[in-house]
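Got a structure here, written out as structure tokens. Questions coming.
Values in this text are rule-based calculations from the coordinates and carry no lab data. Owing to the predicted nature of the structure, the values given are computational and were not obtained by experimental measurement. No Cβ is skipped: glycine too gets one built from the backbone with ideal geometry, and neighbour counts run over all protein chains shown.
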Amino acid sequence: MIKVYGIKNCDSVKKALSFFKKHDLAYELFDFKTQKLPCEKIDYWVSKVGIKPLFNTRSTTYRNLKLKELNLDAQQQQEWLCTENLLIKRPVVEYNDDVLVGFNEEQYQRSFL
């Protein structure tokens, strides 16, 4: 089963869910607003894709926390992702032991169709 991590009202998450519905692919949504993501999950994602694609420097949360001023290293970024799940770039999709970050229709077609 496809597992989608994000928030329901995020445009990128909406695009991903729409893609899965359009192609009749079963998925499950884990909503960061209603559920706390375990740090072990973030560790797993970082081991698969690295910290750079996961840490969203364009988010409102990033700006509100003034994290740019802290000049965080990779370990500190990972710790922040664990503390503030809304810093995670969305959606994160797990499927067949693979992890995709963000929505890219071509990549989704290659991975899921």
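Being acidic (Asp, Glu), buried (at least 18 other Cβ atoms within 10 Å of the Cβ) and on the phi < 0 side of the Ramachandran plot is true for just one of Glu40, Glu94. Which residue is that?
Values: Glu40 fails: buried (at least 18 other Cβ atoms within 10 Å of the Cβ).
Exactly one residue qualifies, and that residue is Glu94.
Anything in the stretch 1-43 that is of a type in the set (Phe, Trp, Tyr) and either part of a strand (DSSP E or B) or touching a strand residue (DSSP E or B) at 6+ places or on another chain (Cβ under 8 Å) (or both)? List them, or say none. Write out each step before concluding.
Of the stretch 1-43, the ones of a type in the set (Phe, Trp, Tyr) are 5, 19-20, 27, 30, 32.
Answer for the stretch 1-43, where residues must be of a type in the set (Phe, Trp, Tyr) and either part of a strand (DSSP E or B) or touching a strand residue (DSSP E or B) at 6+ places or on another chain (Cβ under 8 Å) (or both): Tyr5, Phe20, Tyr27, Phe30, Phe32.
Kindly provide the set of residues from the stretch 51-103 that are of a type in the set (Gly, Ala, Ser) and touching a helix residue (DSSP H, G or I) at 6+ places or on another chain (Cβ under 7 Å), ordered by number.
Once the filter is applied, which keeps residues that are of a type in the set (Gly, Ala, Ser) and touching a helix residue (DSSP H, G or I) at 6+ places or on another chain (Cβ under 7 Å), the stretch 51-103 yields Ser59, Gly102.
Now for a different question. On the given criteria, is Arg58 exposed (fewer than 14 other Cβ atoms within 10 Å of the Cβ) and part of a loop (DSSP other than H, G, I, E, B)?
On the way: exposed (fewer than 14 other Cβ atoms within 10 Å of the Cβ): yes; part of a loop (DSSP other than H, G, I, E, B): yes.
The answer is yes for Arg58.
Let me ask another. Do we have Leu87 as over 16 Å from Lys3 (Cα atoms) and in contact (Cβ under 8 Å) with a residue 24 or more places away in the chain here? Reasoning before the result, please.
On the way: over 16 Å from Lys3 (Cα atoms): yes; in contact (Cβ under 8 Å) with a residue 24 or more places away in the chain: yes.
So Leu87 fits the description; yes.
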